Amino acid sequence: MLWIIIVWDYSFTPSQHSDDLVESYKFQVYRFKRVMFGVNVSPFLLSATIKHHIEKYREQYPAATEMLDTCLYVDDVISGADDISQALKISKDADTIMKNAS
């Protein structure tokens with residue numbers, strides 16, 4: 001959840017006393033319903049979301065979930081396999097996991 005706090009410099013406000021200004025202001029609380037990308041915590045939130053979805057498929061696709069858990073950085077995967085057929089299977093399973101997570 002992201003909170004927004006409005007801060008202003010009292011020296012630039014009209015001649016009202018600062019306590020009166022704070023008491024007369026009606027605060028409204030807003031909450032974002034979507035993650036804002038571009039803020040400092042965005043890569044962490046993406047990683048936590050992906051790890052959450054990976055856990056649902058840990059038993060069904062053990063090799064693919066291990067690869068996604070250890071070899072994924074933001075949206076890049078750097079991994080390998082012992083042979084081509086194993087690499088293709090892991091790639092297909094990882095693709096299935098990510099598509100099902102939407």
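The values are calculated or read from the model by the stated rules, or taken from the named source; none is laboratory data. Remember, it's a predicted structure, so these values are computed and weren't measured experimentally. For neighbour counting, all protein chains shown are included, and Cβ atoms are generated from backbone atoms with ideal geometry for every residue, glycine included.
Can you pull out the residues in segment 68-102 that are surrounded by 10 or more Cβ atoms within 10 Å (Cβ to Cβ) and either acidic (Asp, Glu) or touching an Asp or Glu at 6+ places or on another chain (Cβ under 8 Å) (or both)?
Asp69, Asp93, Asp95
Does Lys33 fit the bill of being at pLDDT below 85 and basic (Lys, Arg)?
The answer is yes for Lys33.
For Asp75, state whether it is of a type in the set (Asp, Glu) and at pLDDT 90 or above.
Against the criterion (of a type in the set (Asp, Glu) and at pLDDT 90 or above), Asp75 does not qualify.
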